[in-house]
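Asker: Can you read through this structure? Questions will come right after.
The values are calculated or read from the model by the stated rules, or taken from the named source; none is laboratory data. From a predicted model like this one, the values you see are computed outputs, not experimental measurements. Cβ: placed from backbone, ideal geometry, glycine included. Neighbour counts: every protein chain shown. Only protein heavy atoms, including side chains, enter the accessible area calculation; ligands, DNA and RNA are left aside. Shrake-Rupley method; radii C 1.70, N 1.55, O 1.52, S 1.80 Å.
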Amino acid sequence: MAGSYVSLARMAHVFVYGTLKRGQPNHKVLLDDTNGCATFQGQGHTVEPYPLVIAGEHNIPHLLNLPGRGHRVVGEIYTVDERMLRFLDEFEDCPAMYQRTWVRVAVLEWEGARSAPQGPPAADRTLQCFVYSTATYPPEWVHLPYHHNYDSLGQHGLRYNPRENR
């Protein structure tokens with residue numbers, strides 16, 4: 001029992017809002033055990049509004065680190081182990097392209113294990129999660145359309161160009 005508590009203590013919550021969400025082009029990396037462990041816990045949205053833009057030649061979603069602007073961004077909450085967190089840092093080109101920062105997330109739906117040490121958050125609770133946002137971007141990105149929920153095939157018409165095609 002003590003061993004499982006220690007392993008849970010080393011887990012972190014990560015909020016994903018773009019191509020890592022279920023049904024999106026890069027979700028497969030969260031399912032690959034060789035990258036570490038990632039477990040879907042639920043859905044939520046950022047407590048504060050943020051600008052979520054689709055930018056660059058590959059139409060990549062970026063959460064600009066400008067709290068108070070934009071929309072409350074919808075995404076998914078995962079519990080990840082240290083190995084997956086290290087993998088995600090590399091995958092997200094952290095800290096060059098994205099920076100891993102803390103964000104408060106309001107839980108909309110929770111499917112996580114009820115055996116967690118503190119128990120799952122109630123649907124009206126908030127959770128502190130890591131998020132990959134960016135504070136390093138061209139100034140014109142601030143003027144791009146802001147989205148509240150990313151879908152690579154969304155009505156925005158900006159199709160994501162997967163890494164394997166670049």
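Asker: Could you work out how far helix 82-91 tilts from the main Cα principal axis of the chain, as a 0 to 90 degree angle to the nearest 10?
Answerer: The two axes meet at around 10 degrees.
Asker: Residues of the chain: accessible area per residue at 1.4 Å, in Å²? Intermediate values should be presented prior to the final figure.
Answerer: Numbers: 8880 Å² over 166 residues.
Solvent-accessible surface per residue comes out at 53 Å².
Asker: In addition: When you count, for each residue, the other Cβ atoms within 10 Å and take the mean per peptide, how do 57-65, 44-52, 92-100 rank with the highest first? The partial results should precede the final answer.
Answerer: On the way: 57-65: 18.2, 44-52: 21.8, 92-100: 15.2.
Highest-to-lowest ranking by the protection proxy: 44-52, 57-65, 92-100.
Asker: Let me ask something else about it. If you place +1 on the Cβ of every Lys and Arg and -1 on the Cβ of every Asp and Glu, how big does the dipole about the Cα centre of the chain come out, in debye to the nearest 20?
Answerer: Computed about the Cα centre, the dipole is about 200 debye.
Asker: May I pose another question? Whole-Hz ³J(HN,Hα) for each residue in the range 27-39, computed from phi via Karplus 6.51 cos²θ - 1.76 cosθ + 1.60 with θ = phi - 60°, x for glycine and proline: what do you get?
Answerer: With the stated coefficients, the range 27-39 comes to 4, 4, 5, 6, 8, 7, 4, 5, 8, x, 10, 9, 10 Hz.
Asker: Would you mind telling me the share, in percent, of accessible area of the range 36-86 contributed by carbon and sulfur at probe 1.4 angstrom? Don't jump to the answer; show the numbers that get you there.
Answerer: Details: 870 of 1900 Å².
Carbon and sulfur: 46 percent of the exposed surface of the range 36-86.
Asker: Continuing with the same structure: Volume per residue, Å³, of the convex hull around the alpha-carbon atoms of the chain?
Answerer: Numbers: hull volume 18.6 nm³, N = 166.
Roughly 112 Å³ of hull volume per residue.
Asker: In addition: Which value in deg cm²/dmol, rounded to the nearest 500, describes the helix-derived mean residue ellipticity at 222 nm for the chain, given -39,500 (n - 2.57) per DSSP H run of n ≥ 4 and division by the residue count? All intermediate terms of the calculation are to be shown ahead of the outcome.
Answerer: Working: 3 runs with 22 residues, N = 166.
Estimated from H runs of four or more residues: -3500 deg cm²/dmol.
Asker: With every protein chain left in place and a probe of 1.4 Å, what is the accessible surface of R86, to the nearest 10 Å²?
Answerer: For R86, solvent-accessible area is about 140 Å².
Asker: Next question. Amide H to amide H, which residues 5 or more places from V73 or on other chains are under 5 Å from it, using H placed in the peptide plane?
Answerer: Amide H to amide H, under 5 Å and 5 or more residues apart or across chains, V73 pairs with T46, Y50.
Asker: On the full set of protein chains, 1.4 Å probe, figure out the accessible area of E164 and give it in Å² to the nearest 10.
Answerer: 120
Asker: Follow-up. Please compute the contact order of the chain in relative form: average sequence separation of alpha-carbon pairs under 8 Å and at least six residues apart, divided by the residue count, as a percent. Please list the in-between numbers first.
Answerer: Values: 337 pairs, mean separation 50.5, N = 166.
Relative contact order here is 30 percent.
Asker: With every protein chain left in place and a probe of 1.4 Å, what is the accessible surface of W141, to the nearest 10 Å²?
Answerer: 40
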